[in-house]
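To start, the structure under review is shown below, and the notes come after it.
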Amino acid sequence: MTFETPLALPPATDQPTFKRFLTRVAEVVGRENIQVVTSKDELEDGSYHNQPYTHDPHHILDQDHFVASAVVCPRSVPEVQDLVKLANEFNVPIWPVSIGRNSGYGGAAPRLRGSIVVNLGKHIRRILEVNVEGAYAVVEPGVTFADLHQYLVEHNLKDKLWIDVPDLGGGSVLGNAMERGVGYTPYGDHWMMHCGMEVVLPNGELMRTGMGAMPEPRKAGTVPGRLDEEPGNKCWQLFPYGFGPYNDGIFSQSNLGIATKMGIWLMPNPGGYQSYLITVPKEEDLRKAVDIIRPLRLQMVLQNVPTIRHILLDAAVLGSKASYTSTQGPLGDEELDAIAKKLNLGRWNFYGALYGPEPTRTALWGVIKQAFSAIEGVKFFFPEDIKENCVLHTRHKTLQGIPTFDELKWIDWIPNGAHLFFSPISKVSGEDAMLQYSVTKTRVIESGLDFIGTFTVGMREMHHIVCIVFNRKDEDAKRRAHSLIKILIADCAAHGWGEYRTHLALMDQIAGTYNWNNNVLMRFNETIKNALDPKGILAPGKNGIWPTNYARTTHKL
Ligand code: ADP
């Protein structure tokens with residue numbers, strides 16, 4: 001079997017070994033499921049709908065900095081297990097992805113150049129179960145939010161169950177939960193809402209977590225079949241913890257296993273729904289708004305994960321920068337006010353929803369309206385109040401779990417737009433939110449960019465998502481975006497703020513900020529990593545965790 005020489009070989013692997021490895025892999029997955037990445041010319045940034053598996057399409061370093069040596073698409077769980085065993089035999093690092101969009105965080109690219117990207121989503125993509133009574137689904141890695149939603153529509157289940165979606169519907173339900181991504185219904189914390197996993201361990205063994213560790217008794221007369229096809233325990237998706245240490249957490253944002261199945265709780269149709277927008281005219285009234293939001297969210301008067309969006313995030317969804325102004329540099333207060341006026345929005349725009357029958361919604365809306373009325377100039381809108389194309393019309397869908405792709409547009413704020421997310425966690429406190437906003441905004445503007453961002457309000461914290469939009473064809477703009485995020489990480493750490501998730505290029509730096517008591521957390525993570533994956537084959541460097549055979553000092557960024 002012939003295999004070309006890759007652009008980047010895996011570390012410590014020569015070409016003959018690489019070829020022998022892929023020859024053995026081909027015996028498992030079929031030659032047609034292996035693509036060797038041979039040259040830079042082959043790297044296409046593609047688009048959200050046509051995402052590459054070879055590299056990060058939103059590259060802030062050279063396009064081929066985080067490049068795969070090859071992309072392999074296993075067809076089943078036993079093939080994943082065999083692939084992992086071969087990676088151990090040949091000492092080749094592998095990097096699993098489900099759908100590989102991971103937009104703004106590195107795409108499908110591996111942290112370690114030359115790793116093999118394992119594209120699980122191409123073939124392993126069944127919705128294994130949608131259980132109406134238990135209100136959950138069991139999915140494989142390749143099931144997207146759009147797929148799961150479509151399944152409910154096609155099976156006439158929308159009157160019973162809703163899903164939760166992030167801003168864009170094309171990601172993997174399982175992959176997004178693994179990265180602890182969020183959506184905007186009451187079930188917005190995807191990791192919180194997962195229940196039970198099946199995982200291929202770094203030695204190739206298959207494990208089920210929680211109640212899944214208890215075998216479902218076999219029916220009389222049935223013979224054992226494929227392990228991964230065995231029915232799960234009847235409580236696997238109902239009780240997350242099982243018995244003994246709760247292990248699921250160590251598989252999220254980590255490099256300790258390849259998830260092949262996941263249970264995800266679905267939201268029962270609440271029996272009524274109303275989305276809304278509250279516009280807050282003054283920039284400094286973010287402080288008041290957040291202090292109003294905190295008790296309402298804690299009491300669950302605010303039932304979902306609402307967002308407080310900066311004017312430019314909404315503006316960018318509705319048009320490019322050039323469509324509003326000829327100003328090249330960061331926009332000032334007057335221009336921002338003018339855009340807000342033009343769009344009939346505030347400097348901050350709060351999107352939420354009410355769930356339940358009409359009397360419930362009316363009662364909750366009364367409380368929310370009264371609380372927000374303490375801010376001068378706020379306005380309240382339902383989607384039906386606005387005729388023009390607007391963000392509320394999109395959020396109306398998102399907040400009831402209907403996948404959309406409209407939010408892709410803000411990336412086109414500038415020509416050749418690409419993006420990088422900076423995502424620190426904030427207290428739900430006016431003072432903290434205001435300080436975090438002003439610290440980040442100052443740095444964004446210093447680097448010549450517009451501040452574009454949103455606060456998504458969890459149960460007791462906010463994920464502050466700063467969208468760093470840069471021109472991917474301008475090397476200087478890329479350098480500035482990279483240096484900006486490094487400064488933001490350091491500035492925020494100095495205030496005690498840490499990020500919830502990050503791009504490949506920043507994993508080491510951020511891991512280094514979670515260093516309480518002489519880095520005990522990292523030492524703990526490394527101990528587990530080295531015990532479970534002594535050859536360090538699985539996603540070395542993921543979230544700053546390097547196995548001993550890849551010295552951090554050599555590889556860190
Ligand atoms: P998206 O849903 O945005 O397309 P990806 O499939 O790219 O997300 O997954 C994002 C990241 O999550 C990957 O880079 C990888 O680190 C991790 N991940 C995704 N799927 C799995 C999986 N099945 N097992 C282990 N880690 C995974």
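In angstrom, the C-alpha Rg and Dmax of the chain are 23.7, 77.
Write down Rg/Rh for region 346-476, rounded to two decimals, with Rg from the C-alpha atoms and Rh from the Kirkwood relation over Cα pairs.
Working: Rg = 17.1 Å, Rh = 17.2 Å.
Using only Cα positions, Rg/Rh for region 346-476 is 1.00.
Comparing Cα centroids, region 339-377 and region 397-458 end up 20 angstrom apart. For the peptides 169-176, 280-287, residues were scored by their other Cβ atoms within 10 Å and the scores averaged per peptide; the highest-first order is 169-176, 280-287. Of the peptides 217-225, 106-114, the ranking by mean beta-carbon count within 10 Å, highest at the top, reads 106-114, 217-225.
Please compute the per residue accessible area over the chain with all protein chains in place, 1.4 Å probe, rounded to a whole number of Å². Don't skip to the answer; put the middle values down first.
Details: 22470 Å² over 557 residues.
Computed with neighbouring chains in place, this is 40 Å² per residue.
Which angle between 0 and 90 degrees, to the nearest 10, do you get for helix 475-494 versus the longest principal axis of the chain when only C-alpha atoms count? Relative to the chain, helix 475-494 is tipped by roughly 80 degrees. FRET efficiency for the pair D476 and N131, taken as 1/(1 + (r/R0)^6) with r the Cβ-Cβ distance and R0 = 51 Å, rounds to 0.45. Modelled label positions at S326 and E44, each set 7 Å beyond Cα in the direction of Cβ, lie 3.8 nm from each other.
Cross-link pairs exceeding 32 Å in C-alpha to C-alpha distance, out of K369/K441; K288/K387; K122/K535; K379/K478; K397/K556; K397/K542, comprise K379/K478; K397/K556; K397/K542. Compared with the dominant principal axis of the Cα atoms in the chain, helix 516-532 is inclined by about 40°. Under the criterion of Cα pairs below 8 Å and six or more residues apart, the relative contact order for the chain equals 15 percent. When only Cα pairs below 8 angstrom with a gap of at least 6 residues are kept, region 273-504 shows a relative contact order of 29 percent.
Pairing the Cα long axis of helix 333-343 with the longest principal axis of the chain, what angle in degrees results, from 0 to 90 and rounded to the nearest 10? Result, in degrees: 90.
Quick one: pull the percent of accessible area on region 273-504 belonging to carbon and sulfur, 1.4 Å probe, ligands and nucleic acids left out. Please list the in-between numbers first.
Numbers: 4920 of 9120 Å².
Heavy-atom surface of region 273-504 belonging to carbon and sulfur, 1.4 Å probe: 54 percent.
Amide hydrogen proximity for L161: with H placed 1.01 Å from N in the peptide plane, the residues at 5 or more positions away or on another chain lying under 5 Å are N269. To put it simply, the accessible area of region 20-100 at a 1.4 Å probe is 44 percent carbon and sulfur.
On the principal axes of its alpha-carbon atoms, region 15-119 has extents of 34, 27, 21 Å, going from largest to smallest.
The values are calculated or read from the model by the stated rules, or taken from the named source; none is laboratory data. Just so it is clear, the structure is predicted and the values come from calculations on it, not from any experiment. Every residue, glycine among them, receives a Cβ derived from its backbone with ideal geometry; neighbour counts consider all protein chains shown. These accessible areas exclude ligands, DNA and RNA; they are computed on the full protein's heavy atoms, side chains included. Shrake-Rupley method; radii C 1.70, N 1.55, O 1.52, S 1.80 Å.
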